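Just so it is clear, none of the values below were taken in a lab; they were calculated from the coordinates. Keep in mind the model is a prediction, meaning the values are calculated, not measured. Glycine gets a Cβ as well: all are built from the backbone with ideal geometry, and neighbour counts include every protein chain shown.
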């Protein structure tokens, strides 16, 4: 009787790091990493030595010194006696605000224009084509300056909202709540009182509930074929609980309306004209690139998908949302990540319209006042690297969630 024994596994040997294809790529990558590490270390030590020879040392103590300048728009408390570090934080928040709002608006503009470019209406399709070609082929800085100039010229100044000598005012507020002026947009400001956190918490839970319901509706459609309504249930889940909590808690959230006092508005929320023009310019410019990504993603889907869905009696809108876009997203998302990154980095042009972002504070006034160019530039590089990697990580997580799952 003979028995067949399994061969014993071979013991690992150092020669396998070069000769074995299973380990060779890792070996070369590790060697490249070591070389890069030593190269960066050499360059850094060389920089420090040259600065020391010139009587300069890398130091970040200047961040604790008083800034001595004002910032026109800020999301946190700041004055001219605050530190350079505080000024940098204000600039970072201003940059993140432009990037966040700009990415949302660019997505709306891009998706809308990309879908309309494929419209059967000849006029609509050509108008979207003109929009895409004009904005894609003109530098973004020019569009920022043009849109800022249009805002300054087309919109009235605050004094135009005041009646003179019994005459009606030259301009009126929208719903007695919003004022669109050359200095910016004035809107009501929420005022939170005791118990308002309950309403906010309920609203946050309602948002989670909307996503949960839409996920369940999608699951029911794909598993049981039940087409549950999504529009009005989502709105009901989003607003009804929050409205009930608002009245149960005794209306703890109020509004502070902007009022014209003297030659300017007081109270409410003020979005400076430079912020509005910069964000709108970046959004509409980036939206033109996203529109082409959307159009390419939709065209990448076979027409047979649309014809098959139409043969089943599915409405055109549902075909787009349930059949075409879910498949097209796998083509759209990767280049859209690059567009979001470009929008964030293009926000560094904010100084052209007087908007104080991180480039205008840390990389502008702070750098010129302290003379710490290397330190300021290194911090700027670290910030833009961190925000770019953060955006890429978030979008890659979403991209992995929608990719095809193979067995």
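Details
- Label-point separation in nm, residue 61 to residue 253, each point 7 Å along Cα→Cβ: 4.8
- Residue-averaged [θ]222 nm for the chain, counting only DSSP H segments that reach four residues, each worth -39500 (n - 2.57): -20500 deg cm²/dmol
- Of interest is the spacing of the C-alpha centroids, which for the range 40-90 and the range 277-340 amounts to 44 Å.
- Counted by neighbouring Cβ atoms within 10 Å, the residues 119, 59 run from fewest to most as 59, 119.
- Mean separation of Cα contacts under 8 Å, 6 or more apart, over the residue count of the chain: relative contact order %: 21
- The peptide list 143-150, 391-398, put in order of mean Cβ contacts within 10 Å with the highest first, becomes 143-150, 391-398.
- For the range 19-94, the spread of Cα positions along each principal axis, largest first, Å: 64, 36, 14
- Ranking of 197, 175 by count of other Cβ atoms within 10 Å, fewest first: 175, 197
- Summary of packing: across the peptides 287-294, 216-223, the per-residue average of other C-beta atoms within 10 Å ranks them, highest first, as 287-294, 216-223.
- Mean Cβ neighbour count within 10 Å, used as a protection proxy, ranking 321-332, 341-352, 33-44 highest first: 341-352, 321-332, 33-44
- Here mean projected area of the Cα convex hull in nm² was computed from the coordinates, and among (i) 24.1; (ii) 36.6; (iii) 21.7 the match is (ii).
- Cα gyration tensor category, rounded, prolate or oblate, for the range 273-407 with a/c compared to 1.5: prolate
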